[in-house]
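This report refers to the structure that appears directly beneath it.
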């Protein structure tokens, strides 16, 4: 499967990425970039971009890039953990994000995602750990016992 | 200031909490509970609730409860870090969350937030660290140098 | 294999646990407790117990308990991540630790470890994520490519 | 105060750094490097370098460098959190570590520490958050209420 372009991926965008307004810019094997216009709907009550937005953007970029790399082998990518540090608020303009791959093991991939403002000041840093699993396990990301439901 | 009720807080809801559809249930000094109906707009492409949603809900509960407790002293609450582990997917029904205060220091508060599904199975765990700062510092959560802009 | 007692495990103690002086107290399936006498050799330059000691104790307890539970099935336990928050210093007396299992999936276990002082005040909180892998993978905890060496 | 050299700092080494055998190599304002010979006493039972060692080394480097930078202003540096991901085991040779400063705010500094083996393969990644506080607060890193004892 040829890797889809950012444009193709944006056109197929749905779920939370669409709700937030995430726009992919470049989707490479070890780096992914994106941006998100700041608006009231992504803020917390004090008028700053909500911390969950930084976490969500990082999770999206790391998951997508890992998934694109492993799906051809019958695997899928499932988030294990997301650890975000908040350094500087953004109140207007655009939230930019760059995900960089730090490690690609057989079962675990690790990404760092830097979020920055229009002046290129780092505003949040996220470390995302993604599990690579056979695609049949997709509905049970933790490998836990199957749902009783 | 008397602590507002969950009902009053839900009525004033805006920003990301409103976009996601977060509903506060109980807002106490050391525990806060909330819920969020699962719908397509909060999922990732594979049909599971997006990891960023767990992080966002946890951040909202911990920040709100800390802020309510310190605002009367002229302080504000600003997120320092959010560390979420994903344990089990949710694909339908309701996402429930319970935030429990672990530590309330003079400058740092720590919360654990447990997200669970309709069968009370733990789906994600978040540790949120909140800084307590004088309210005048609100626009500079990290205490960094003032923006040049 | 019958689960060894804390006494048997302490007698077999070696490596970092021995260097630090860790003493196991109770080793159960979902809870493990231990203690560590505070001495100069485990402090940082300002005279407080070094942050790495809290991380190390938590890692030991979570890894040991997971390993004991899975080794009978031909599996091993390998640490994936360790996230410690420091809340209050300890300068003398004894460091106590209690590990509580939060999640035991097929491939991932999650533990919370609380470190506390002689007055039962919480001093550090650690979340430890342990991977469960077939024992033959032991030398490659991350599932990464085999060493070229 | 002129910044002491790595040699001077190694000569004054005590506490956990001495117990582990940490050797500082370069101590700069925004980067610090060090190394640690691998020996049985820093391993876990399976013969790999213990996860707590990576956390401890990272904590030492980040704390030291922050402290050196702020002590001249009457401040001190106290660890807030340490989040380590384990990527590849080390069983022999030397553990190398490089700490890089990501953020230096008025009250919070953030460092990334990369641990690698003799073949320069990344073995662990740690994010360390350090609080900068007036030196008189030294004994109460979390700003919590003073001990009743």
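Assess whether residue A:93 counts as being at pLDDT 95 or above and under 16 Å from the mean Cα position of the chain (by Cα). Answer is no for this residue. Here the strands (runs of 3 or more DSSP E) wholly within the range D:54-118 that include at least 3 residues being buried (at least 24 other Cβ atoms within 10 Å of the Cβ) and at the interface with chain C (Cβ under 7 Å from one of its Cβ atoms) are D:75-86.
Output the residues belonging to the range D:129-139 that are at the interface with another protein chain (Cβ under 9 Å from one of its Cβ atoms) and assigned to a strand (DSSP E or B). Answer for the range D:129-139, where residues must be at the interface with another protein chain (Cβ under 9 Å from one of its Cβ atoms) and assigned to a strand (DSSP E or B): D:129, D:131, D:132, D:133.
If you check residue A:126 against the conditions, is it buried (at least 23 other Cβ atoms within 10 Å of the Cβ) and assigned to a strand (DSSP E or B)?
Working: buried (at least 23 other Cβ atoms within 10 Å of the Cβ): yes; assigned to a strand (DSSP E or B): yes.
Yes; evaluated as a whole, the condition is true for this residue.
Any residue that is buried (at least 17 other Cβ atoms within 10 Å of the Cβ), farther than 21 Å from residue B:129 by Cβ and in contact (Cβ under 8 Å) with a residue 60 or more places away in the chain - is there at least one of those in the range C:7-19? No, because not a single residue in the range C:7-19 is buried (at least 17 other Cβ atoms within 10 Å of the Cβ), farther than 21 Å from residue B:129 by Cβ and in contact (Cβ under 8 Å) with a residue 60 or more places away in the chain.
Going through D:39, D:35, D:14 one at a time, which residue ends up being modelled with pLDDT of 95 or more and within 13 Å of chain C (Cβ to nearest Cβ)? Step through it out loud before you land on a result.
Working: D:35 fails: within 13 Å of chain C (Cβ to nearest Cβ); D:14 fails: modelled with pLDDT of 95 or more.
Just one listed residue meets the conditions, D:39.
Residue-level check: of (1) away from chain D (no Cβ under 11 Å); (2) more than 18 Å from residue C:115 (Cα to Cα), residue C:45 misses just (1).
Being within 12 Å of residue B:124 (Cα to Cα) and part of a helix (DSSP H, G or I) is the filter here, so list the residues in the range B:42-53 that pass it. Before you say what the answer is, go through the steps one by one.
Within the range B:42-53, the subset within 12 Å of residue B:124 (Cα to Cα) is B:49-53.
Within the range B:42-53, B:51, B:52, B:53 meet the criteria.
Residues considered: D:29, D:41, D:23. Of these, the only one that is free of Cβ contacts under 8 Å to residues at least 24 places away in the same chain, more than 13 Å from the chain's Cα centre (by Cα) and surrounded by fewer than 24 Cβ atoms within 10 Å (Cβ to Cβ) is D:41.
Restricting attention to the range B:108-149, the residues that are more than 16 Å from residue B:67 (Cβ to Cβ) and at pLDDT 95 or above add up to 15. Scanning the range C:1-27 for residues that are in a loop (DSSP other than H, G, I, E, B) and in contact with a strand residue (DSSP E or B) (Cβ under 9 Å, 6 or more places away or on another chain) returns C:3, C:4, C:5, C:13, C:14, C:21, C:22.
The values are calculated or read from the model by the stated rules, or taken from the named source; none is laboratory data. What you see is a predicted model; the values in this text were computed from it and never measured. Cβ sites come from the backbone with ideal geometry, for glycine too, and all protein chains shown count toward neighbours.
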